[in-house]
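To keep things clear, I will list the structure first and then write my remarks on it.
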Amino acid sequence: MNNLVILPIIIPIITGMVMVLFRNNIWLHRFLSLLATVLIGIVSIMLIEQIKTAGMQTLYLGGWQAPFGIALVADMFAVLLVLVAALVTFCCLCYAFSSIGRERGRHYFYPLCLFLIAGVNGSFLTGDIFNLFVCFEVMLVASYVLISLGGTKVQLRESFKYILINMLSSFLFLIAIAYLYAMMGTLNLAHLSVRVAEAGQGGVITAVALLFLMVFSLKAGLFLFFWLPGSYSAPPTAIAAIFGSLLTKVGVYAIIRLFSLVFYHEPGVTHLFIGVLAAVSMVLGAMGAVAYWDVKRIITYNVVVGVGFILAGFASFSVVGVRGSVYYLLHDMIVKALLFLLGGSIIHLTGTGRLKEMSGLIRLHPQLGWMFFVAALSVSGIPPLSGFIGKIFVTAGTFQTGYFWLGGIGLLTSLLVLYSVMRIFMNVFWGYTNLTEETEKGTTKGLLPSMAFLTVLTLALGLGAEGIHTYVDLAVEGLLNPHIYTGTVLGGNGQ
């Protein structure tokens, strides 16, 4: 057992509880929130090195061995996501220092962010499907408050829809868990894997698997994304960046984890269906991104395209395709946070999100313009940036398994994504402008460092792909060989 496994969960919880006691001390909130994310990052790096040398790490809470007790499991896939989530949260918190406002800060913005990241990390590290539900709820309760924090009209309208949809999906999640427990008699993921393999994934179990897929599709914005563009456009920029970067990715993680560990026996049904949903999501998301002339709407629809592309690689269920999904998932968490921060900064400066009302911003803010240019190329998959590596592997994986239609849709929507983000760049930054430093609605003071750091990360992830391929391949090996997970977690308790 390794006690480090629980630290990414308890560090933000304990730190957030301490911060609640000092409501009015904003400087303390800022310091402790950054300290917590830095500590999570350090713990993640330590776990990554331990997994690389000694294999998957586990922790059995209370000393109760799986499947009888609660297990926390740190494999390479989960811990890579924990590390990237810590980096993204660190940058969004730094951005919030100059943008979120003192009033929102006093109403527990920073503790709520830490509680949200605790739920995110718990979802990545749990080895029990009921505790996956619990961690989802911790994350969602924090997000309910964050999306409405400030109480503007648009926030309250969108938060109502957001809360209603997530309550429905949580209800369906509980129903799916109840059916699964009634059939299998266990909720431990490793034990479920063994039991489903023994029983065979018949029609009833496949039906339950599709119910889980519907639940996680709602949370990830896979096909059922009608709630997402409005909800992610409503809150302040720092909160929207955290949502766009992390919340949908937890749903994506849950789909990948369950359908590579438990429900992997009928890929001709389950994984093909995931591929169809991914294709439809990419097409509809790209259509939305092209159709709108609002900065936030374009970026939020690109979140949907990203989710579809990640799961297109997983639907191929090949080594190459899943490798592409892991690469692209890591890339997408970074670049979507960057795009939300850049888009929010543009609106902060100009006072509007409408493309037709802006131009020439690069004359006054060249750093902002060129960072957006890099982010636009990266999200479109232009070499040598981070999106290119994932798109190459995902496309190769879909072609390799005969899903030419899925790979073709991925390439087509990539062109539409490029058009949508370059349209922002050309309209916002190119041309003449009537704006001056005196007539700007806001300032970039304090905002640029966090965006610059994310820009460097997306460059490093592309140019340094060879340096991380070992870790990504270990993550892929763990996903495609469930016996590694079950053997490590259960040991001799697999019956």
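The values are calculated or read from the model by the stated rules, or taken from the named source; none is laboratory data. What you see is a predicted model, and the numbers here were worked out from it, not measured in a lab. No Cβ is skipped: glycine too gets one built from the backbone with ideal geometry, and neighbour counts run over all protein chains shown.
So Leu342 fits all but one of (1) over 13 Å from Leu454 (Cβ atoms); (2) surrounded by 18 or more Cβ atoms within 10 Å (Cβ to Cβ); (3) not small (Gly, Ala, Ser); what number is the exception?
Only one criterion is unmet by Leu342, namely (1).
Which one of these does Pro229 not meet: (1) buried (at least 22 other Cβ atoms within 10 Å of the Cβ); (2) in contact with a Leu (Cβ under 9 Å, 6 or more places away or on another chain)?
Looking at each condition in turn, Pro229 falls short on (2).
Could you list, in sequence order, all residues of the range 355-379 that are assigned to a helix (DSSP H, G or I), crowded, with 18+ Cβ neighbours inside 10 Å and out of contact with any His (no Cβ under 9 Å at 6 or more places or on another chain)?
Within the range 355-379, Leu355, Leu361, Ile362, Leu368, Gly369, Met371, Phe372, Val374, Ala375, Ala376, Leu377 qualify.
Name the residue that is surrounded by the most Cβ atoms within 10 Å (Cβ to Cβ), counting only residues in the range 386-434 that are over 26 Å from Lys296 (Cβ atoms) and among the hydroxyl-bearing types (Ser, Thr, Tyr).
Taking the candidates together, the pick is Thr398.
If the requirement is being out of contact with any strand residue (DSSP E or B) (no Cβ under 9 Å at 6 or more places or on another chain), assigned to a loop (DSSP other than H, G, I, E, B), touching a residue at least 40 places away in the same chain (Cβ under 8 Å) and hydroxyl-bearing (Ser, Thr, Tyr), which of these qualifies: Tyr264, Tyr232, Tyr253?
After applying the criteria, what remains is Tyr264.
Please specify each residue of the range 293-316 satisfying the condition of being surrounded by fewer than 24 Cβ atoms within 10 Å (Cβ to Cβ) and in contact with a Leu (Cβ under 9 Å, 6 or more places away or on another chain).
Within the range 293-316, Trp293, Asp294 meet the criteria.
The rows are residues; the columns are (1) among the aromatic types (Phe, Trp, Tyr); (2) under 22 Å from Phe309 (Cβ atoms); (3) in contact with a Pro (Cβ under 7 Å, 6 or more places away or on another chain).
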residue	(1), (2), (3)
Met183	no, no, no
Gly200	no, no, no
Ala207	no, no, no
Val215	no, yes, no
Ala220	no, yes, no
Phe226	yes, yes, no
Ile239	no, no, no
Thr248	no, yes, no
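In the range 437-480, which residue that is free of Cβ contacts under 8 Å to residues at least 40 places away in the same chain and more than 22 Å from the chain's Cα centre (by Cα) is surrounded by the fewest Cβ atoms within 10 Å (Cβ to Cβ)?
Glu438
Might you check whether a residue that is at pLDDT 95 or above, under 22 Å from Thr248 (Cα atoms) and either surrounded by 18 or more Cβ atoms within 10 Å (Cβ to Cβ) or touching an Asp or Glu at 6+ places or on another chain (Cβ under 8 Å) (or both) occurs anywhere in the range 41-54?
Yes; the residues of the range 41-54 include at least one that is at pLDDT 95 or above, under 22 Å from Thr248 (Cα atoms) and either surrounded by 18 or more Cβ atoms within 10 Å (Cβ to Cβ) or touching an Asp or Glu at 6+ places or on another chain (Cβ under 8 Å) (or both).
So the check is Cβ under 6 Å with 6+ separation or different chains; which pairs have a first residue in the range 318-338 that's assigned to a helix (DSSP H, G or I) and surrounded by 24 or more Cβ atoms within 10 Å (Cβ to Cβ) and a second one that's among the acidic types (Asp, Glu) and at pLDDT 95 or above?
none
Here's a check for you: in the range 126-165, which residue that is surrounded by fewer than 23 Cβ atoms within 10 Å (Cβ to Cβ) and in contact with a Lys or Arg (Cβ under 8 Å, 6 or more places away or on another chain) is nearest to Ile14 (Cα to Cα)?
Selected residue: Leu149.
Where in the range 26-131 are the helices (runs of 4 or more DSSP H), entirely inside, with at least 1 residues that are within 20 Å of the chain's Cα centre (by Cα)?
The helices (runs of 4 or more DSSP H) meeting that bar are 26-54, 76-99, 109-125.
When you go through Ile382, Ile389 one by one, which is the residue that is in a helix (DSSP H, G or I), at pLDDT below 95 and either over 27 Å from Ile239 (Cβ atoms) or touching a Pro at 6+ places or on another chain (Cβ under 7 Å) (or both)?
Of the residues listed, the single one that is in a helix (DSSP H, G or I), at pLDDT below 95 and either over 27 Å from Ile239 (Cβ atoms) or touching a Pro at 6+ places or on another chain (Cβ under 7 Å) (or both) is Ile389.
Can you name every residue in the range 149-187 that is farther than 15 Å from Tyr232 by Cα and under 20 Å from the mean Cα position of the chain (by Cα)?
The answer is Met167, Ser169, Ser170, Phe173.
How do the pairs read when you match residues in the range 211-226 that are free of Cβ contacts under 8 Å to residues at least 24 places away in the same chain with residues anywhere that are of a type in the set (Gly, Ala, Ser) and assigned to a helix (DSSP H, G or I), using Cβ under 6 Å and keeping only pairs 6 or more apart or on different chains?
Close Cβ pairs (under 6 Å, with a partner that is of a type in the set (Gly, Ala, Ser) and assigned to a helix (DSSP H, G or I)) amount to Leu224/Ser217.
Take Val208 and decide whether it is touching a residue at least 60 places away in the same chain (Cβ under 8 Å), part of a helix (DSSP H, G or I) and either closer than 24 Å to Gln155 by Cα or over 18 Å from the mean Cα position of the chain (by Cα) (or both).
No; evaluated as a whole, the condition is false for this residue.
Report yes if some residue within the range 145-163 is aliphatic (A, V, I, L, M) and under 19 Å from Phe273 (Cβ atoms); otherwise report no.
The answer is no, given that none of the residues of the range 145-163 is aliphatic (A, V, I, L, M) and under 19 Å from Phe273 (Cβ atoms).
Within the range 149-171, track down each residue that is in contact (Cβ under 8 Å) with a residue 12 or more places away in the chain, within 16 Å of Phe226 (Cβ to Cβ) and not β-branched (Val, Ile, Thr).
Within the range 149-171, Arg157, Glu158, Ser159, Lys161, Tyr162, Asn166, Leu168, Ser169 qualify.
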